[in-house]
Amino acid sequence: MDMPDFSSISSRPTIFEFEGISMINHFTENWEKVKNFQARPDDILIATYPKAGTTWVSYILDLLYFGENAPEEHTSQPIYMRVPFLESCFKVIASGTELADNMTTSPRLIKTHLPVQLIPKSFWEQNSRVVYVARNAKDNVVSYFHFDRMNIVEPDPGDWNTFLHRFMDGKSVFGPWYDHVNGYWEKKQTYSNLLYLFYEDLVEDTGREVDRLCSFLGLSTSVSDREKITKDVQFDAMKQNKMTNYSTLPVMDFKISPFMRKGKVGDWKNHFTVAQNEQFDEVYKEKMKNATVKFRTEI
Ligand code: A3P
C-alpha cells in the first residue's frame, strides 16, 4: 500500500469548542457529511473514548468477520483503512465517511470517538449494532497523554500535569471522559443493540470477551477459530503486526512512544503523584456521583 503523505501538516492543531465539546479541525471539517452519514442496518459501530482499546476491538471484529477468508486487498490494508474513522478528515487520506461510503465488504466496521449525543442519527434509526469500550479513567488519560506526545496531528499535550488537569476539567479532545462513558451506558438502557465492554475485562480474559462479542453479534464462529483469534489479538502479536501497530502512519513518532505502548491495567501508578491522585479522586467522585456505570475499584 502507498504510505499517506502527511508532510503538509506542519503544526499541531489547536483545541476549540464544537457542539459543546473540545475538538480539533481534523474531526469537524467534514461535519455535514458526518452528521448526515447514512448508516446501514448491518453496520457495526465501534465507539470509544480515545485510547480505550479501539484498535484492539476493531481487530477482534475484523478477524471475526473477515479472518480466514478475507480477500487480499482487505488484509493488505492496515486496520485504520479497514475500519474507517467516521469523523476523521485529514485531507491527505480519504475521510472516514468517504472510506465507509466506498466499502465493498460487509458488514462495515466503523469506528468513532464521538460522544453518544453526536452519533449520526441514522445509526439509531437503522438499529445498527454498537460496541462501546470503556477504560478506567486513570489509565485512559495516561495512554492519551503518550499518544498526543508522539502524534503530530494531535494537539500539543503540554506537560503531564497540564494534560491531566485538562482531562479532569473535561476539556480533552472529544469532551469529558465522564460524560462519554456515562452517555453510552445510559443509551444502553434503552437501545438493546449496544454492547458495553471494559478494557480491563478484555485484559483479564480476552477469550471470554470474544465469546460475548460473538453472542451479541450472533456469530457461530468455531471454538478453534475463536482460540486462534484470541491468540492473534494479544498485545505482543498486535505490536508485531504491521497492519495493527500503526507503524505505517508517518504522523506517529515511535521514538517518542509506540502506538502499542504497554497494554496494561494500572500503568497510571507510574505516572500519578500522590497529590495528583488525591485530586483526581476528588474530581472523579464529584463528576461520577450520579453515574450508574461502575468501573472496577481495585485498579
Ligand atoms: P497503552 O497506551 O496503555 O499501552 P486505542 O486503540 O483506543 O487508541 O487504544 C490504544 C491503547 O490500547 C494503548 O494503550 C494500546 O497499547 C492498547 N492496546 C491495543 N491493543 C491491545 C491489546 N491487544 N492488548 C492490550 N492493550 C492493547
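Taking (1) within 11 Å of the ligand (Cβ to nearest atom); (2) modelled with pLDDT under 95; (3) of a type in the set (Asp, Glu) in turn, Glu298 satisfies each apart from (1). Residues in region 176-202 that are of a type in the set (Val, Ile, Thr) and surrounded by fewer than 18 Cβ atoms within 10 Å (Cβ to Cβ): Thr190 only.
Within region 263-289, the set of residues being in a loop (DSSP other than H, G, I, E, B) and touching a residue at least 60 places away in the same chain (Cβ under 8 Å) comprises Gly263, Lys264, Val265, Gly266, His271, Phe272, Met288.
Against the condition within 16 Å of the ligand (Cβ to nearest atom), in contact with a strand residue (DSSP E or B) (Cβ under 6 Å, 6 or more places away or on another chain), on the phi < 0 side of the Ramachandran plot and modelled with pLDDT of 95 or more, how does Thr28 come out, does it pass?
The answer is no for Thr28.
Val173 passes every criterion in (1) under 24 Å from Ile299 (Cα atoms); (2) surrounded by 18 or more Cβ atoms within 10 Å (Cβ to Cβ); (3) not polar (S, T, N, Q) apart from (1).
Among the residues in region 247-261, are any over 29 Å from Lys187 (Cβ atoms), away from the ligand (no atom under 14 Å from the Cβ) and surrounded by fewer than 12 Cβ atoms within 10 Å (Cβ to Cβ)? Yes: region 247-261 contains one or more residues that are over 29 Å from Lys187 (Cβ atoms), away from the ligand (no atom under 14 Å from the Cβ) and surrounded by fewer than 12 Cβ atoms within 10 Å (Cβ to Cβ).
Return a yes/no flag: does region 248-260 have any residue that is without any contact (Cβ under 8 Å) to a residue 12 or more places away in the chain and either under 23 Å from Phe198 (Cβ atoms) or of a type in the set (Gly, Ala, Ser) (or both). No. If a residue has to be at pLDDT 95 or above and within 11 Å of Val92 (Cβ to Cβ) to count, how many in region 1-25 make the cut? Matching residues across region 1-25 total 0. Which pairs do you get when a residue that is within 18 Å of Pro78 (Cβ to Cβ), found in region 228-244, comes within reach of a residue that is more than 7 Å from the ligand (Cβ to nearest atom) and not in a helix (DSSP H, G or I), reach meaning Cβ atoms under 6 angstrom, with the pair 6+ apart or on two chains? Matching pairs, first to second residue: Met238/Thr244; Lys239/Asn245; Met243/Pro78. Checking region 170-181 against the condition returns a match, with at least one residue being among the β-branched types (Val, Ile, Thr) and touching a Pro at 6+ places or on another chain (Cβ under 9 Å).
The values are calculated or read from the model by the stated rules, or taken from the named source; none is laboratory data. Everything numeric in this text was worked out from a predicted model, so none of it was measured. All Cβ positions, even for glycine, are placed from backbone atoms using ideal geometry, and neighbour counts span all protein chains on display.
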